[in-house]
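The values are calculated or read from the model by the stated rules, or taken from the named source; none is laboratory data. Owing to the predicted nature of the structure, the values given are computational and were not obtained by experimental measurement. A quick note on method: Cβ atoms are made from the backbone with ideal geometry, for glycine too, and the neighbour counts reach across all protein chains shown. When the accessible area is computed, the model is the full protein with side chains, heavy atoms only, and any ligands, DNA or RNA have been set aside. Shrake-Rupley method; radii C 1.70, N 1.55, O 1.52, S 1.80 Å.
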Amino acid sequence: GLVGFTNLTLGETWEVSVQKTDANELKARAEPYRLRCCPPGVLRLYTFVDVQGNRLEAHTWGFGRGCETWPIDLRIFHGNPAEETLWDDVADYYATPIPTHNGGQLAISAMAIDEGGHHQHAVRHFVRKMTGKRVYATHGRPGREKAIKDGTTKVDIDWKGRLAKNAGLIWWIGTRLAKDLMLGRLSIEKPGPGYIHFSQALTDDWFAQFTAEHRTEAGQWEKDRPRNEALDGHVGCLFLAEIDSLATRGPKWWDAQESKIVPVTAD
């Protein structure tokens, strides 16, 4: 668990108390890299889509060797998630590579979408349309979970609420464990394996959302304010990193990722 992670990996004593991350502290360590451009070290991109009543929020994070992470982009699609055209915009976003610091391009490797809200059918319909493109319908399981990637359940409802022949999958995210992992990584003070970077281009509201919850003595996570989309976005991308077993990948695998960055070609 996180206690072991903290003690073994960080060489620190685990404090059993309310664990609260301070937005201003994180902001103070933010770096001057711009958003929607991958800084040095980013070798893989993941996107988590948070579904709200009047918008879709796509949170994209970059991952590097040793699961060093960077928030890369936040794209908000305003509109009714029950309308297919809004999802077409998400498909376009997913298909568009993001520029890198050295003039190259990096494609998004996978996308997870929260299907826990009022628009389950729309999410499942989109995921079915994107079959074979590594788009996952997800649902948070905050408690009694065994892993961040916490199993699947078959579903077979189509857009109109009818039964469909080709059952889709719901992927369960162990949200509590993902947040515990994040909390441990936030205490890493120097860039390198596990370190979480922040950009000075992120808004105060983003930092408030990212730190919207605290961990209680009982190990539960509780909200301090209603909006926590930035935190959910990170959790969703940690789930995708688990799907790809990023934490156990060796140097050769990362070298192969690095070679996938489409380099700038001189005319």
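Quick look at the values:
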{"quantity": "Per-region count, segment 1-34, residues over 12 Å from Gly184 (Cα atoms) and at pLDDT below 55", "calculated": "2"}
{"quantity": "Failed item, numbered, when Gly236 is tested on (1) surrounded by 13 or more Cβ atoms within 10 Å (Cβ to Cβ); (2) more than 20 Å from Tyr136 (Cβ to Cβ); (3) not β-branched (Val, Ile, Thr)", "calculated": "(2)"}
{"quantity": "Segment 117-155, residues that are surrounded by 18 or more Cβ atoms within 10 Å (Cβ to Cβ), in contact (Cβ under 8 Å) with a residue 60 or more places away in the chain and under 19 Å from the mean Cα position of the chain (by Cα)", "calculated": "Val123, Tyr136, Thr138, Gly140, Ile148, Lys149"}
{"quantity": "The one condition in (1) crowded, with 16+ Cβ neighbours inside 10 Å; (2) modelled with pLDDT under 95; (3) out of contact with any helix residue (DSSP H, G or I) (no Cβ under 8 Å at 6 or more places or on another chain) that Val264 fails to fulfil", "calculated": "(1)"}
{"quantity": "Qualifying residue in segment 35-53 (condition: over 19 Å from the mean Cα position of the chain (by Cα), assigned to a loop (DSSP other than H, G, I, E, B), at pLDDT below 95 and within 27 Å of Glu83 (Cβ to Cβ))", "calculated": "yes"}
{"quantity": "Evaluation of Arg225 against (1) buried (at least 21 other Cβ atoms within 10 Å of the Cβ); (2) of a type in the set (Lys, Arg); (3) in a loop (DSSP other than H, G, I, E, B) (one fails), failing number", "calculated": "(1)"}
{"quantity": "Residue, nearest to His59 (Cα to Cα), within segment 74-115, restricted to residues that are touching a His at 6+ places or on another chain (Cβ under 7 Å) and open to solvent by 40 Å² or more (accessible area, probe 1.4 Å)", "calculated": "Leu74"}
